[in-house]
1. Using a Gaussian network for the chain with springs between C-alpha atoms less than 10 Å apart, which of these wobbles most: S316, S232, S187?
2. With both bridge residues required to lie in region 126-259, what share of the DSSP beta bridges run antiparallel, to the nearest 5%?
3. Take each uninterrupted DSSP H stretch in the chain, measure its Cα extent along the helix axis, and return the ones at 18 Å or beyond whose mean Kyte-Doolittle hydropathy is at least 1.6.
4. Calculated FRET efficiency, D257 and D176, Cβ-Cβ r, R0 51 Å, to nearest 0.05?
5. With a cap of 15 neighbouring Cβ atoms within 10 Å, and only residues DSSP puts in a loop, list the trypsin sites (Lys or Arg not before Pro) found in region 153-229.
6. Who wins for biggest fluctuation among Q143, Q173, Q330 in a Gaussian network model of the chain, springs between alpha carbons below 10 Å?
7. Once you mark the GluC sites (Glu not before Pro) that are in a DSSP loop and have at most 16 other Cβ atoms within 10 Å, what is the longest gap between them in the chain?
8. Among the lysines in the chain, how many pairs, 8 or more places apart or on different chains, have alpha carbons under 25 Å apart?
Amino acid sequence: MLRLSGAHRGTITTGTIAGTLSAALLLAGCSGTGSGDRASGTGDETGTVTLVTHDSWALDEKLIDQFEQESGTTVEVSAAGDAGTLVNQLVLTKDAPLGDAVFGIDNTFASRALDAGVVEEYTPADLPEGVEQAGGALTPVDQGDVCVNADDAWFEKSGLEVPKTLEDLADPQYEDLLVVTNPATSSPGLAFLLATVGAFGEDGFEDYWTSLVDNGVKVADSWEDAYYVDFSGAGEGGERPLALSYATSPAFTVSEDGSESTTSALLETCFRQVEYAGVLAGSDNPEGARALVDFLLTHDVQAALPESMYMYPADSAVELPEDWQKFAPQAEAPFEVDPAQVSEHRDEWIERWTETVVG
């Protein structure tokens, strides 16, 4: 049974955002404006580096132990919610940073973090070939494709061909079969909204979503609800054979003998997410933070990401697990939206989506 835990798989609920932002504001107000007066007491110039990350941080503790032994630095991990909530907290507390390094800012929120100046410029010396930083401050650590997944067994039993494209999903023969997640409450939902903006343009995505609504699309608040409650391919009684998930998901729905997967990703429906690490501006221990960012790019960490974080390593030279090679190929041409456009129009697009789909 599949259980994933990547950052983007989390949920951004209105209540969660309100609570975490209130806490962040309180922390900022109590701790003053200088990083040296940080109330959290995390990070120092001697032996501790605090990593602020998302709730689904799951790197093997043995690797953290390895870094601590090699560097002589103790790592403290501070979880701050989903990727969106993480960035919101970092922006609100940038004058009294919550830690030293950050991991989990993704490309749908990177521009906001950069514009707010929450990370300082830093480029690792061993940046893998082909890896491009964002703003000279955010270093890619992993990446993955948000795509619609299909329950192949359901389609075979029903005698219906598995859809391939975004347009197919609006075809009446697939009426009431698709569940997606709300971009206002879910990171993968936002990624899929951006896929439709990339495919149909900012003047056409609303018409596309209208066609999905007319075709009976269901909207869940979280990835967990869409996948485990509604998706028939998760093996937990769901009734919809099409669900928004990840290109990696089929690598975790394999048969007992490992010969086949019971699900597949529709690789013509994808938006690629990238997760970044960086050094927080005003950090108490910038040297330790830089060393930790460097460590996240080492071969040992990159090779562990598929099994621990369920994401593709940023370093394309790292060999993937056999199941991933067989069942989790990435999209050859994922949809893209310019990061500057995302930064400028993110909230507007979500509002327009809400008016179109939710009403």
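1. S316
2. Numbers: 6 of 12 bridges.
Taking every DSSP beta bridge within region 126-259, about 50 percent pair in antiparallel fashion.
3. On the way: long enough: 14-31 (25 Å, 1.36); 187-200 (20 Å, 1.62); 339-353 (19 Å, -1.56).
Flagged H segments are 187-200.
4. On the way: r = 33 Å, r/R0 = 0.65.
E(calc), rounded to 0.05, equals 0.95.
5. Values: sites: K157, K164, K218; in loops: K164.
Answer in residue order: K164.
6. Q173
7. Working: sites that count: E45, E121, E129, E132, E161, E175, E202, E236, E239, E256, E260, E319, E332, E336.
With GluC sites (Glu not before Pro) excluded where exposed in loops, the chain gives 46-120 as its longest stretch.
8. Working: K157/K218; K157/K326; K164/K218; K164/K326.
Taking the chain as the scope, the lysine pair count is 4.
Rule-based calculations on the coordinates, nothing more; no lab input. Nothing here was measured: the structure is a model prediction, and the numbers come from that model. No Cβ is skipped: glycine too gets one built from the backbone with ideal geometry, and neighbour counts run over all protein chains shown.
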